[in-house]
């Protein structure tokens, strides 16, 4: 819980990791390249005092995670989003099992463990996925469509195999589908960051929630285009929110446009820990306001809007109990664009 | 004899298709070496995992731009520190197509991708001109009624017209000043809404460009007090 100026904010960190990218676990140059890329994001967008040495960034401890999230980071609940990268790391980069072990070691902390599926495992993989869901009582999955598997450089959410897995999610009550786009996909000649496949899936599965991580950046216009049409599409702010420090005007535009196009009820906070730390992100976000010269177009972020983004919206998706007295004052959605947007291209 | 300056000038005409900015402005050119009629260009990118399709386009466009210089006979464009450096360098060096660089992983070539991002760039460039007109007090009605010949002088207008040529859109003086990327018209009623979307496209392009610049600085330890202060 974060408190400031008499207001209490229930914090759900919607995007956290417990990874192992140590040299011993790196399977090849791609594993090395991947963590170095993360580290550049970390160094580039964090306040200086929050930058870790590379060695710690490659592999941090459970104690680090508990401390950074819960002891100093104000987090009430943290959602683990696994990223397997089995072709890059011997034991995987960040698997469901690794996350679940942390949660089991710390029953006093509120974790939500999400799983993952990879449709390229086809029918055979479906049974293993079902077991994973039952074993950890999963309510959500994190899907990385740029994941490499042998010669494959990725997959799409609207493929027949992916549809089969989404049907399974629906059947098993796995309601929250977090989608993360990366630089590769199949086929490689298409734009890997395009979110059109999320549009298809969201239309076919209206009972599932599709949370597009990084709010579709760097394709914000494509994301807003689909999210205005599909009420079950949400924006995850991981990777977008650290710009609050280095480029606050850019961040103001992102969050302002999201509030305008999809509304304050469909935006979720996420630190992407350990790339960034919730403590400074939460503090800065609560203090943040859209610059005055942009307010006529983008409006302002009220305390209620901030409360929703920092925790209440995710709490609603995951049925988390919110302590009395910390809810938003208003429950009406405001600011969302009601009519169809204009096609850009 | 070809000079380094001529090579850099040729490279300044090559854009990152995703960001709509030139390779030299983005500081993606790591080095140029000229030896008689043979030229070697080294390129670098903000991350190891930059998307291979856009990367291929930049390397092959750079290769073509340098090859077009008179007096140049041998060209070698080498992408450094990228997960697919080898595949892309080999393919471009051999004049092979994208799909040949990544056998089995691509369905075709990159014309469709290039055109999609030309359209996005067209929306963003026009949005910039449009916004500055509105800020200067011109009404949406007047903006929608403008023709190419009425466009304000300047870099942004020129860049809009240059892209019209690439997209096969009418760039004559009596053509509408602002068009949808498919050539469709905008009127006073639809302009504000179109502009709002154009701002999103700009936000994606310009925001991504800013991130790429700063990641490149971090990755290669480039000191740049001017950019750091921006």
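Evaluated over the Cα positions of the stretch B:34-161, the convex hull gives a direction-averaged projected area, one quarter of its surface, of 11.0 nm².
Extending 7 Å from Cα along the Cβ direction at residue A:289 and again at residue A:110 yields two label points whose distance is 3.0 nm.
Under a Gaussian network description of chain A, with springs only between Cα atoms under 10 Å, the residue in A:306, A:134, A:59 that fluctuates furthest is A:134. Please identify which residues in the stretch B:51-70 have an amide N closer than 12 Å to a label point set 7 Å out from the Cα of residue B:9, following the Cα→Cβ vector. B:69-70, by backbone N distance to the label point.
Counting Cβ atoms of other protein chains within 10 Å of each Cβ in A:246-252 and taking the mean gives 2. Shielding of peptide B:38-51 by partners, expressed as the average count of other chain Cβ atoms within 10 Å per residue Cβ, is 3. The angle between the Cα long axis of helix B:155-167 and the longest principal axis of the Cα atoms of chain B comes to about 70 degrees, rounded to the nearest 10.
Sorting the Cα pairs of chain B by distance into bins of 10 Å, from 0 upward, gives 7, 28, 31, 23, 10, 1 percent per bin.
A Förster radius of 30 Å combined with the Cβ-Cβ distance from residue A:86 to residue B:182 puts the calculated FRET efficiency at roughly 0.10.
Remark on the stretch B:76-115: hydrodynamic radius 10.8 angstrom, per the Kirkwood mean of 1/r across alpha carbon pairs. Across peptide B:193-199, the average count of Cβ atoms from other chains found within 10 Å of a residue's Cβ is 5.
Running a GNM on chain A with Cα contacts under 10 Å, which residue among A:312, A:188, A:281 ends up with the highest mean-square fluctuation? Among A:312, A:188, A:281, the largest GNM mean-square fluctuation belongs to A:188. In percent, rounded to a whole number, the relative contact order of the stretch A:1-59 is 33, using alpha-carbon pairs under 8 Å and six or more apart.
With all pairs of separate Cα atoms included, the stretch A:255-320 yields a Kirkwood hydrodynamic radius of 12.7 Å.
Computed as a quarter of the hull surface, the mean projected area of the alpha carbon convex hull for the stretch A:77-148 stands at 5.0 nm². The angle separating the long axis of helix B:52-67 from the principal Cα axis of greatest extent in chain B is about 80 degrees.
Shown for A:293, B:16: other C-beta atoms within 10 Å of each C-beta, ranked fewest to most, produce the order A:293, B:16. Beta bridges from DSSP with both residues in the protein assembly as shown: antiparallel share about 40 percent, rounded to the nearest 5.
For the protein assembly as shown, what does -39500 (n - 2.57) per DSSP helix run (n ≥ 4), summed and divided by total residues, give at 222 nm, in deg cm²/dmol to the nearest 500?
After summing the helix terms and dividing by the residues of the protein assembly as shown, the value is -12500 deg cm²/dmol.
Determine the shape class of chain A: with a ≥ b ≥ c the square roots of the Cα gyration tensor eigenvalues, call it rounded for a/c under 1.5, and otherwise prolate if a/b is greater than b/c, oblate otherwise. Rounded, because the longest to shortest axis ratio a/c is under 1.5.
Build a GNM of chain A with springs between Cα atoms under 10 Å apart, and of A:14, A:299, A:236 the one that fluctuates most is A:299. The residue A:7 and residue A:32 beta-carbon pair, evaluated with R₀ = 56 Å, returns a calculated FRET efficiency of approximately 0.80.
Normalised by the number of residues in chain B, the mean separation of alpha-carbon contacts (under 8 Å, six or more apart) gives a relative contact order of 18 percent. Relative contact order, percent, of the stretch A:113-256 when contacts are C-alpha pairs under 8 Å separated by at least 6 residues? It comes to 18 percent, rounded to a whole number.
Alpha-carbon geometry of the protein assembly as shown: the Rg and the Dmax are 24.1, 78 Å, given in that order.
Just the number, please: percent antiparallel of the DSSP beta bridges in the stretch A:1-150, rounded to the nearest 5.
Restricted to the stretch A:1-150, the bridges split so that about 45 percent are antiparallel.
Since every read-out is calculated from the coordinates, none of them should be taken as a lab result. These numbers were taken from a predicted model, which means no experiment stands behind them. Note that we place each Cβ from the backbone using ideal geometry, even for glycine, and neighbour counts take in every protein chain shown.
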